[in-house]
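*Asks:* Please find one structure pasted underneath; my questions will follow.
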Amino acid sequence: MSFTGTGAEPAGWLPGVSSMLYGGDYNPEQWPEESWPGDIELMRQAGVNLVSIGIFSWALIEPRRGEYDFGWMDRLFELLHSAGIRISLGTPTASPPAWFFHEHPEAKVVTRDGTTLGFGSRGMASPSSPAYREASVSIATALAERYGNHPALAVWHVHNEYGAPVSDCYSEQSTLAFRRWLQDRYESLDALNAAWGTAFWGQTYREWEHISAPAVAASVVNPAQRLDFARFTSNALLQCFIAERDAIRAVCPHVPITTNFMAGTCESVDLWKWADEVDLVANDHYLIAEDSRSQVGLALSADLTRSIARGKPWMLMEHSTSGVNWQPRNLAKRSGELARNALSHLGRGADAVLFFQWKASRSGAEKFHSAMLPHAGTGSRIWSEVCALGEGLSGLDEVLGSTVSADVAVLWDWESFWAQDLEWRPSEDLAHRERVNAFYDRLWRDQLTVDFAHPEAELAQYKLVVAPASYLLTQAAADNLRRYVEAGGTLVVSYFSAIVNEYDAVHEGGFVAPLRDVLGLTVEEFLPLRVGETVRLTLDAITGDVWTDDVALAGAEVVAGFEDGPAAGKPAITRNTLGAGAAWYVSTRLDAEQLSVVMDRAYADAGLVAGDGPDELELIRRRGAVAEYLIAINHGNKPVDLPVGGTDLLSGEAGESLKIEAGGVRVIRTDHRYR
Ligand code: GLA
């Protein structure tokens, strides 16, 4: 959908918004109303121009079914509007009120082991509950009718983080909905029995009513059934979003509608499918605080978000100013980290930089979570960094709407990840995310910007495509990869890829069969390793662990073999040429450091050059209509001289080359012009 803007904003962006958005979740209902004007005055000091409100306010807005109390929200709208602050209005459906569950106990979520989840926290009702769908549509409609034409309203923020804290539900109503979904998908029980391979362990179904959600059973439940249930769950949540969205759109067609994704951290929703349903993409991201290189995980999430947004600018709906409250050890961000994190998201395409939350809560489960206005108040380090970031962003209007382009794509497919992570795989040391992270980390260190792509998506624009974890690869995806390589692309495939089809059935012809001609090999047998066991390769003294394959060559050349271990004497790293391109296969686990042995060679095939800056320097480029912007972030503890001429929009400094202090950030409008 495209919106008629005021002309001030870049195409496709929020109507009337021509500045970088800055702000966070604002929950003033937790505070006396007398404190609201003071909050808003501080927002202005910090440069805040957008806040998200109402996300958890259902019990206040609709105290009893059908009775609304909008008074406090009306006053809040006016206060924010008179201060020039725009509003992202939440629909409060992630937190149904007590009266709803009292009337509809059947709408509670039931976990896989049969536990009915209680009230007193937050979290979704069962996405398949008709009563929940009806109640959420009616509160969304009431909000749209009340505020849809308010000039402060900038965007609709439907629900909160679909898929968290729970996604799948095994209630009776979910089972009924699952059966309906299966009937649509398969049409006949014969087709379902064939797809699920129900001849195995005597599961053959003769009646639809006999099929249930895959609850905990005596042993492993049919993996094809589990995989379909994961697809059904993602779709059930999506239908909840669509129902609210359509209700809002019917009343308020002129304001964009989004919901906050958790790209790369919530695994239960297939965001490729969701992307087509939102008017613009929004994401939440929290660092894994104990990871000393947490900036790499942040970059991955931001790149994935941009890819889901099909390259268009997106909103960072939430991140934190410092520590969170829900990890085992909630490490605080150190001085400068707040700006480095925010600018990395911006560099990777975010045109809105928002936090959870504006003001630290005194009560409730999140009182130890950081905020823009912390418990320590305006004399604090966090407050001064928040104000400095707000001031910095206010100088970046010209960056708005500029885009990021990448030469490398990493394949990402939720369906494959769901299937791979089920039980009874050849080794419990296999984890799809571990391989994605390792390859991504290698590319990050080499300063190559990465898009993520679905395996069946168009890949022709990329010089290099990496398949770190494509366990489930459809024939259509394999054909897509073949066309890509034949046309001159370079492909790198890691072990345990192209093993099963969309029903989690081993490909006819065996492991890797659909890619046999692309890779020039098949895998005869998996040869997983013991805990701690390592194997030596015949190249650059590198070692692998976790996994080896018994590779049978069918045209590929051996670049490295195994010196020892169960695959001794067999190929470890291979390269095959097909048409104008080349395809690499890596049959053991190499860490991010050692992966350069493969990747440097693949870069050479692809005509890519790794960056030669220090390892801890993050460089990203955004292209605007008339200029290019280099976002440079120094995560190291030494200053770095950047041989790039231009003007730093954060500090106003200009020069032929600019120094970035240890821990510093620059947004450089480069002198380089292009057509
Ligand atoms: C999520 C939620 C927020 C808040 C933060 C805390 O992202 O959307 O409401 O709970 O986590 O980190």
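*Asks:* Per-residue ellipticity at 222 nm for the chain, helices alone: DSSP H runs ≥ 4 residues times -39500 (n - 2.57), over residue total, nearest 500 deg cm²/dmol?
*Replies:* The helix-only estimate for the chain comes to -9000 deg cm²/dmol at 222 nm.
*Asks:* Ok, one more. So, in nm, how far is label GLU172 from label GLU366 when the simple model puts each one 7 Å beyond its Cα toward the Cβ?
*Replies:* 3.5 nm
*Asks:* Using the count of nearby Cβ atoms within 10 Å as a rough guide to exposure, how do LEU237, LEU658 rank from fewest to most? Intermediate results must be reported in sequence, preceding the final value.
*Replies:* On the way: LEU237 24, LEU658 21.
Arranged by neighbour count, lowest to highest, LEU237, LEU658 become LEU658, LEU237.
*Asks:* Express the relative contact order of the chain as a whole percentage, based on alpha carbon pairs under 8 Å and six or more residues apart in sequence.
*Replies:* Relative contact order for the chain comes out at 10 percent.
*Asks:* Next question. Could you check what % of the DSSP bridge pairs in region 408-606 are antiparallel, to the nearest 5? Numbers along the way, then the final one.
*Replies:* Values: 21 of 38 bridges.
The antiparallel proportion sits near 55 percent.
*Asks:* Follow-up. With viscosity set to 0.692 mPa s and temperature to 37 °C, compute the Stokes-Einstein D of region 408-606, Rh being the Kirkwood radius across alpha carbon pairs; µm²/s, no decimals.
*Replies:* 200 µm²/s
*Asks:* Let me ask something additional. For region 38-49, take each phi angle, set θ = phi - 60°, evaluate the Karplus expression 6.51 cos²θ - 1.76 cosθ + 1.60, and give the result in whole Hz per residue in order, putting x for glycine and proline.
*Replies:* With the stated coefficients, region 38-49 comes to x, 4, 5, 5, 5, 4, 4, 4, 7, x, 5, 10 Hz.
*Asks:* Could you check how many percent of all C-alpha pairs in the chain are farther apart than 31 Å?
*Replies:* 56 percent
*Asks:* In percent, how large is the relative contact order of region 172-225, given Cα pairs closer than 8 Å and 6 or more residues apart? Mind showing how you got there, number by number?
*Replies:* Numbers: 30 pairs, mean separation 21.9, N = 54.
Contact order relative to length: 41 percent.
*Asks:* What is the dipole size for region 330-407, taken about its Cα centre, with +1 at each Lys and Arg Cβ and -1 at each Asp and Glu Cβ, in debye to the nearest 20?
*Replies:* Roughly 540 debye, rounded to the nearest 20.
*Asks:* List the lysines whose Cα lies under 30 Å from the Cα of LYS273, skipping any in the same chain that are fewer than 8 positions away.
*Replies:* LYS108, LYS312, LYS463
*Asks:* Ordered by residue, what ³J(HN,Hα) values in Hz, to whole numbers, does region 426-440 give under the Karplus form 6.51 cos²θ - 1.76 cosθ + 1.60, where θ = phi - 60° and Gly and Pro are x?
*Replies:* Those phi angles translate into x, 8, 6, 7, 7, 8, 4, 5, 4, 5, 4, 4, 5, 5, 4 Hz.
*Asks:* With charges set only on the Cβ (+1 for Lys and Arg, -1 for Asp and Glu), what does the dipole of the chain come to about its Cα centre, in debye to the nearest 20?
*Replies:* 840 debye
*Asks:* Would you grab the residues whose amide H sits under 5 Å from the one on VAL492? Only those 5+ places off in sequence or on another chain, please, with H modelled 1.01 Å from N.
*Replies:* For VAL492, whose amide H was placed from the backbone, the distant partners under 5 Å are VAL465, VAL466, ALA467, TRP584.
*Asks:* Sort TRP274, TRP418 so the one with the fewest other Cβ atoms within 10 Å of its own Cβ comes first.
*Replies:* Going from sparsest to densest Cβ surroundings: TRP274, TRP418.
*Asks:* Go through region 602-675 and name the chymotrypsin sites (Phe, Trp or Tyr not before Pro) that are in a DSSP coil and have 14 or fewer other Cβ atoms within 10 Å of their Cβ.
*Replies:* Here the chymotrypsin sites (Phe, Trp or Tyr not before Pro) that fit, given the DSSP loop and packing criteria, are TYR674.
*Asks:* Nearest 20 debye, what's the magnitude of the dipole of region 123-228 about its Cα centre given +1 on Lys and Arg Cβ and -1 on Asp and Glu Cβ? Kindly include the intermediate steps, with their values, before the conclusion.
*Replies:* Values: 7 positive and 11 negative charges, 24 e Å.
Computed about the Cα centre, the dipole is about 120 debye.
*Asks:* Here is a follow-up. Share of antiparallel DSSP beta bridges in the chain, in percent to the nearest 5?
*Replies:* Numbers: 44 of 87 bridges.
Expressed as a percentage, antiparallel bridges in the chain total about 50.
*Asks:* Next question. Bin by bin, in steps of 5 Å, what percent of the Cα pairs in region 47-196 do you find, going until the bin that has the longest distance?
*Replies:* 2, 9, 16, 18, 15, 13, 10, 7, 5, 3, 2, 1, 0
*Asks:* OK, next. Along the charge dipole of region 188-343, pointing to its positive end and built from +1/-1 on Cβ of Lys, Arg, Asp and Glu, which listed residue (SER335, ALA250, TRP274) has its Cα farthest out?
*Replies:* SER335
*Asks:* If you wrap a convex hull around the C-alpha atoms of region 172-225 and split its volume per residue, what is the figure in Å³?
*Replies:* Convex hull of Cα atoms, per residue: 78 Å³.
*Asks:* How large is ³J(HN,Hα), in whole Hz, for each residue of region 602-607 in order, when computed from phi with the Karplus curve 6.51 cos²θ - 1.76 cosθ + 1.60 and θ = phi - 60°, using x for Gly and Pro?
*Replies:* 5, 4, 4, 4, 8, x
*Asks:* Provide ARG65, ARG112 in ascending order of the number of other Cβ atoms located within 10 Å of each residue's Cβ, fewest first.
*Replies:* ARG65, ARG112
*Asks:* Please give the FRET efficiency for GLN461 paired with VAL609, using the beta carbon to beta carbon distance and R0 = 22 Å, rounded to the nearest 0.05.
*Replies:* Once the sixth-power term is evaluated, E becomes 0.80.
*Asks:* Using Cα positions and a limit of under 30 Å, work out the lysines in reach of LYS659, with same-chain residues fewer than 8 apart set aside.
*Replies:* Reachable lysines: LYS333, LYS638.
*Asks:* For ALA560, enumerate residues with amide H under 5 Å from its amide H, sequence gap 5+ or separate chain, H modeled in the peptide plane.
*Replies:* Amide H neighbours of ALA560: ALA572, ILE573.
*Asks:* Assuming a viscosity of 0.890 mPa s and a temperature of 25 °C, what translational diffusion coefficient in µm² per second does Stokes-Einstein assign to region 617-670, Rh being the Kirkwood radius over Cα pairs?
*Replies:* Rounded to a whole number, D works out at 224 µm²/s.
Computed from the coordinates by the stated procedures, all read-outs in this text should not be read as laboratory data. What you see is a predicted model; the values in this text were computed from it and never measured. No Cβ is skipped: glycine too gets one built from the backbone with ideal geometry, and neighbour counts run over all protein chains shown.
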